[in-house]
1. Among the residues of region 336-351, are any under 23 Å from GLY47 (Cβ atoms) and in contact (Cβ under 8 Å) with a residue 60 or more places away in the chain?
2. Filter region 296-312 down to the residues that are surrounded by 13 or more Cβ atoms within 10 Å (Cβ to Cβ) and of a type in the set (Gly, Ala, Ser), then identify the one that is farthest from PHE285 (Cα to Cα).
3. Please find, among PRO224, PRO197, the residue that is modelled with pLDDT of 95 or more, within 16 Å of the chain's Cα centre (by Cα) and open to solvent by 20 Å² or more (accessible area, probe 1.4 Å).
4. Identify the residue in region 135-157 that is of a type in the set (A, V, I, L, M, F, W, C) and outside any loop (DSSP other than H, G, I, E, B) and, among all such residues, is surrounded by the fewest Cβ atoms within 10 Å (Cβ to Cβ).
5. Could you tell me whether GLY186 is under 13 Å from the mean Cα position of the chain (by Cα) and open to solvent by 40 Å² or more (accessible area, probe 1.4 Å)?
6. Which pairs turn up if I take residues in region 260-272 that are at pLDDT 90 or above and look for partners that are of a type in the set (Phe, Trp, Tyr) and open to solvent by less than 50 Å² (accessible area, probe 1.4 Å) with beta carbon separation below 6 Å, at least 6 apart in sequence or on another chain?
7. Restricting attention to region 245-268, does a residue exist that is of a type in the set (A, V, I, L, M, F, W, C), open to solvent by 30 Å² or more (accessible area, probe 1.4 Å) and touching a strand residue (DSSP E or B) at 6+ places or on another chain (Cβ under 9 Å)?
8. Looking only at region 362-389, which residues are more than 30 Å from VAL87 (Cα to Cα), open to solvent by 100 Å² or more (accessible area, probe 1.4 Å) and assigned to a loop (DSSP other than H, G, I, E, B)?
Amino acid sequence: AGGGTIYSEADQQLADLVRETGIPVGETMAGKGSLRFDNPANLGGIGVTGTLAANRIARDADLVIGVGTRYSDFTTASKTAFQCPEVRFININVVEMDAAKHAALALVGDAQATLAELRQRLTGHEVEASYRSEYVALHEQWEAEVDRIYSQRNQPLPSQGELLGALNQRGRADGVMINAAGSMPGDLHKLWRCQHPKHFHLEYGYSCMGYEIAGGLGIKMAAPEREVYVLVGDGSYLMMAQEIVTSIQEGYKLTIILMDNQGFNSIGGLSRSLGQQGFGTRYVFPQDGMLPGDDAGDNVEPLPVDLAMNARGLGAEVLECSSYDDFCAALVKAEAAEKTTVIYIRNDRYEGVGGYESWWDVPVAEVSESDSVQQARRQWETARKQERYFFT
């Protein structure tokens, strides 16, 4: 289920199709929220930032029905997601080019209207009981993993996953969560439990840093009755925080959760996975004329940056937190506030969420004197052999 499912308001048609046939669903970034999280056929996010449940089922699927998806690099895990030798595709999309991807049977049309016709054609069809049991068990296994991450209570700093869980569990069920860039999109794609189609708004087509606060303002203008939760990391906050001023001036209250891990943690994690030690991705002073990587540990001098003070200077109410419990209490205070409120908290830079049997093709330097880069190159060459191209 891709973004076209949401744009077409086809969520009910999808739910009916799933109920009638037992076909399970994986969700792209743009399609998350197409089904409620607690539907046993909803296996969650799929691809590079997907769940164990969705990626396992996708790996062995012999037929994939794409509803309003572009099959982006993330969705297909760099063309490694679908490994069944005989796999075929049926694609529903208003864009002919996307409908034809992976040598699919192309159904060019609106998602809601086409799903309605497809349901008629599938009257009486159900998946085998063994298949249903398999994916329901994976759904339950994944929900248990989400519960584990939500209840982690990492020390001395909370993990990003458990803070996202606190917001998901304590925020307004009819609210809108918005995010755009950094390490949060991947964690949210895996962990956020959507209760309605507008519960998850994530600009990830181009990973636009700085979109969050401005985008949240637009959402609040369109739906002032909803609580809008803007999730933003310190790196993305520095790109465009000034729309806080506009929200104050125009009287549109936002709840902004500002997580500070002292640098660009998404690219830092990627750099570490490529054997490059997170070079130049932390907010610290250079050492001997060079920017230290994450391998420098705590033997660094952090930059004297105070983002909470910055947000306060832009006119927001600011709630500074130092623990998970502080964060939970701040969410209650922010909901009662009458103007834009920033909840500021530092979170652990290294305690992340796993990859769950997925892969992303990021080329590694072929020539390097670093042992860790050489090892990463060997791993990349092995993984790349799993990439597939589909032809009729």
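1. Our first condition is that a residue be under 23 Å from GLY47 (Cβ atoms); within region 336-351, this holds for 351.
Keeping just the survivors that are in contact (Cβ under 8 Å) with a residue 60 or more places away in the chain gives 351.
Yes, region 336-351 contains at least one residue that is under 23 Å from GLY47 (Cβ atoms) and in contact (Cβ under 8 Å) with a residue 60 or more places away in the chain.
2. Step by step, filter region 296-312, then rank; the result is ALA311.
3. Working: PRO224 fails: within 16 Å of the chain's Cα centre (by Cα).
Result of the check over PRO224, PRO197: PRO197.
4. Start the filter on region 135-157 by keeping residues that are of a type in the set (A, V, I, L, M, F, W, C), which leaves 136-138, 142, 144, 146, 149, 157.
If we keep only those that are outside any loop (DSSP other than H, G, I, E, B) as well, we get 136-138, 142, 144, 146, 149.
Numbers: VAL136: 16, ALA137: 12, LEU138: 21, TRP142: 23, ALA144: 9, VAL146: 21, ILE149: 20.
Ranking the candidates gives ALA144 first.
5. Details: under 13 Å from the mean Cα position of the chain (by Cα): yes; open to solvent by 40 Å² or more (accessible area, probe 1.4 Å): no.
No, not satisfied.
6. GLN262/TYR283; GLY263/TYR283
7. Within region 245-268, the first condition is being of a type in the set (A, V, I, L, M, F, W, C), and the residues that meet it are 245, 248, 254, 256-259, 264, 267.
Those still in the list that are open to solvent by 30 Å² or more (accessible area, probe 1.4 Å) too: 245, 248, 264, 267.
Okay, now just the ones that are also touching a strand residue (DSSP E or B) at 6+ places or on another chain (Cβ under 9 Å), so 264.
Among the residues of region 245-268, at least one is of a type in the set (A, V, I, L, M, F, W, C), open to solvent by 30 Å² or more (accessible area, probe 1.4 Å) and touching a strand residue (DSSP E or B) at 6+ places or on another chain (Cβ under 9 Å), which makes the answer yes.
8. GLU366, VAL367, GLU369
The values are calculated or read from the model by the stated rules, or taken from the named source; none is laboratory data. It should be emphasised that the depicted structure is a prediction, and the values quoted were computed from it without experimental measurement. No Cβ is skipped: glycine too gets one built from the backbone with ideal geometry, and neighbour counts run over all protein chains shown. Only protein heavy atoms, including side chains, enter the accessible area calculation; ligands, DNA and RNA are left aside. Shrake-Rupley method; radii C 1.70, N 1.55, O 1.52, S 1.80 Å.
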